[in-house]
Structure formats: C-alpha cells, structure tokens
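Participant: This is the structure I want to talk about, given as structure tokens.
The values are calculated or read from the model by the stated rules, or taken from the named source; none is laboratory data. These numbers were taken from a predicted model, which means no experiment stands behind them. Here Cβ is always computed from backbone atoms with ideal geometry, including for glycine, and neighbour counts include all displayed protein chains.
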Amino acid sequence: MMAMSGAFYGGMEEAPDQLTIETPEQVAIRFPVAGIGSRFLAVLADSLIQTAGAIVLGLLLFLIYASAPRTADAVIHKLGDKWLIAAIIFLYFLLYWGYFTLFEAFWNGQTPGKKLCKLRVIRDCGRQITFFESMTRNFLRGVDWMPGMYAVGVITMLCNRQNKRLGDLAAGTLVIHERAMESPMWSGIAERTITASVFAPEPVQPAIGPPLVDLPADAVARLSADDLNVIDRFFARAIDIDLERRAQLSAQLAQQMTAKLGMEMPADVSPERLLESMAHILRSIRR
C-alpha cells in the first residue's frame, strides 16, 4: 500500500496544488490536484449530459404513458399513475446518483465530463477507486450541493489543501489532473506518454547508449516477476525524481537486486544500466 509522504521531498517543499505519494520502493509520485475551476467545468459538462438524458427519458415515459390502454376502473388508473411517479423518481435517482457512481467506479475514475476536462478521481493512496469509494463520495453529493450550486462543497474545498469536498473527505478520494510527461531517454526514440495515475507502467526498454551488461542468465532467473515489476516501475517514474534522489534510489535498488543474484555490484557499471540489463535478460527468459 502506498503511503503519503511528508511535506518535503527531495529537499523541496510540496506545492499547494500537488500531492506527493511515496511507493514501497521509495519512489515518490507527484499528482497535480484539480482545482475548483476545472472541477466546475467537468460538473457542468456532466450536468448538460444528465439534462439531455432526463429530457429523453421524460419523453419516453410520456409516450409510454400516452400510448397505454385506458381503463374505466379508477383504482387501476390511480395505481398506474403511482407506478409512473415511482418510475420517474427511480430514474431520476439513477440518473443523478448512478451516473457519477457507476462511471467513476467502472470507467477508471472518470465521468464523461471529467474525461473531457482531463480529470480523474483516485484514492488518497494513489490507487484507482473502487465501487465503495465511488458510492460513498457520490452519496454525499447532495449535501455538497446545498443550499445550491455546490456551496457547501466549494467552502469545504477552500478549507483544505487537496481541494476535497465532503464526499472526498468521507471516501478518502481526491480529484487530480491527468498529466502527460515526456518519455525518458532510455525508452527509445518513439514518444509515449505516462499519466500520473498510471498504475501498471510499461516495461522498460533497452537504452540508447552503452551496451547492456552481460549477466549470467541463471543468476538473473532468481529474480521474480515482482522484482521485474519493481524495476519497471522505477524507470516509469524516474522522470519525476530529481537527479540526486534518483541516483540514490537506483543504487539502492541495484544493490538489492545484485544481492539476490549472489553477486557484487560491478564498479564500472552505472546502477541504472545494471537494472536495465537485469530487466532485459529476465524478460527474455520469461518469453
């Protein structure tokens, strides 16, 4: 489980609009927290979609009711009216609460409005939200709305550094900007993007530069799939780490991996190059 780091990272104070999370590998990831303006635009877009959906559903219900056969029995007629009212209330609830809950739970923390504004809901630990967190944060959406135009939610957001409304505080979630970053040099010439909310980083590719280190395959085979994942995640996040901290982490990680291989750290090879070589050989073995 990821844990939130302190207010300082790499000798620099955490920016007010950023959340820094430190992974078990002691690699820090910075998430740009979404502000009131961008979240308002996302809610506005979602509200327009909901309004359009409500109009369509209202017309369908009206057509169904108008085309239904009439009966002379007043009791049955009144019962039909009650069922129509119940259906309208249920569909409104589903459209208002279910829209946000289901989209955020099963669409990677995004609604259409959030996707349009490049926002995403995540858990405080940096992982993807579950149905439970989505349900909790959206149950309190009505409270955040009171007395109108999300007044309670806006006041709550202004009172904390992470711009959380009441629903976020109760569910342990926050809204972040999706952030595109340039690919590190070892990833090859082709460009790719890594968002701050990626939870399964792409495998590291051999670097352009000095050749990979020749390591005994039987020794590298002692490393597990979890070790390979740790190496991949280090390289996927290295672009967000300052150079001094990155050198420390790569040396520490390389020391751990060479200890598992039962060998000493080569003095003439950089730790990052050694890690790339291990990942390349281990991936070849597993193929």
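Participant: Hey, can you tell me all the residues within the stretch 137-151 that are in a helix (DSSP H, G or I), surrounded by fewer than 18 Cβ atoms within 10 Å (Cβ to Cβ) and either of a type in the set (A, V, I, L, M) or touching a helix residue (DSSP H, G or I) at 6+ places or on another chain (Cβ under 6 Å) (or both)?
Facilitator: Scanning the stretch 137-151 gives Val143, Ala151.
Participant: What number of residues in the stretch 215-237 are within 33 Å of the chain's Cα centre (by Cα) and in a helix (DSSP H, G or I)?
Facilitator: Total satisfying the criteria: 14.
Participant: Which pairs have Cβ atoms under 6 Å, sit 6 or more apart or on different chains, and link a residue in the stretch 42-62 that is closer than 22 Å to Arg120 by Cα to one that is of a type outside the set (A, V, I, L, M) and outside any helix (DSSP H, G or I)?
Facilitator: Matching pairs, first to second residue: Ala42/Cys117; Asp46/Thr111.
Participant: Of all residues being of a type in the set (Val, Ile, Thr) and surrounded by fewer than 19 Cβ atoms within 10 Å (Cβ to Cβ) in the stretch 75-117, which is modelled with the lowest pLDDT? Just the residue, please.
Facilitator: Ranking the qualifying residues of the stretch 75-117, first place goes to Val75.
Participant: Filter the stretch 222-244 down to the residues that are in contact with a helix residue (DSSP H, G or I) (Cβ under 8 Å, 6 or more places away or on another chain) and of a type in the set (D, E, K, R), then identify the one that is modelled with the lowest pLDDT.
Facilitator: Once the filter is applied, the top-ranked residue is Arg222.
Participant: Follow-up question, since we're still on this one. With the condition kept exactly as written, say whether any residue in the stretch 56-70 is in contact with a helix residue (DSSP H, G or I) (Cβ under 9 Å, 6 or more places away or on another chain), assigned by TED's automatic domain parsing to the domain that holds Cys117 and modelled with pLDDT under 70.
Facilitator: Within the stretch 56-70, one or more residues are in contact with a helix residue (DSSP H, G or I) (Cβ under 9 Å, 6 or more places away or on another chain), assigned by TED's automatic domain parsing to the domain that holds Cys117 and modelled with pLDDT under 70.
Participant: Of all residues in the stretch 186-221 being closer than 20 Å to Met263 by Cβ and exposed (fewer than 13 other Cβ atoms within 10 Å of the Cβ), which is modelled with the lowest pLDDT?
Facilitator: Looking at the filtered set, the residue picked out is Pro210.
Participant: Out of curiosity, is Arg120 closer than 17 Å to Ser38 by Cα, at pLDDT below 90 and under 20 Å from the mean Cα position of the chain (by Cα)?
Facilitator: no
Participant: Residues that are crowded, with 17+ Cβ neighbours inside 10 Å, under 28 Å from Arg137 (Cβ atoms) and modelled with pLDDT under 75: does the stretch 32-43 have at least one?
Facilitator: no
Quick grid of which residues meet (1) over 24 Å from Leu59 (Cα atoms); (2) not in a loop (DSSP other than H, G, I, E, B); (3) not β-branched (Val, Ile, Thr):
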residue	(1), (2), (3)
Ile89	no, yes, no
Phe93	no, yes, yes
Tyr99	no, yes, yes
Glu104	yes, yes, yes
Lys114	yes, yes, yes
Val121	yes, yes, no
Cys125	yes, no, yes
Met135	yes, yes, yes
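Participant: Just the residues that are within 25 Å of Arg30 (Cβ to Cβ) and without any contact (Cβ under 8 Å) to a residue 40 or more places away in the chain, please, taken from the stretch 224-269.
Facilitator: Residues satisfying the conditions are Asp226, Asn229, Leu243, Arg246, Ala247, Gln248, Ser250, Ala251, Ala254, Gln256.
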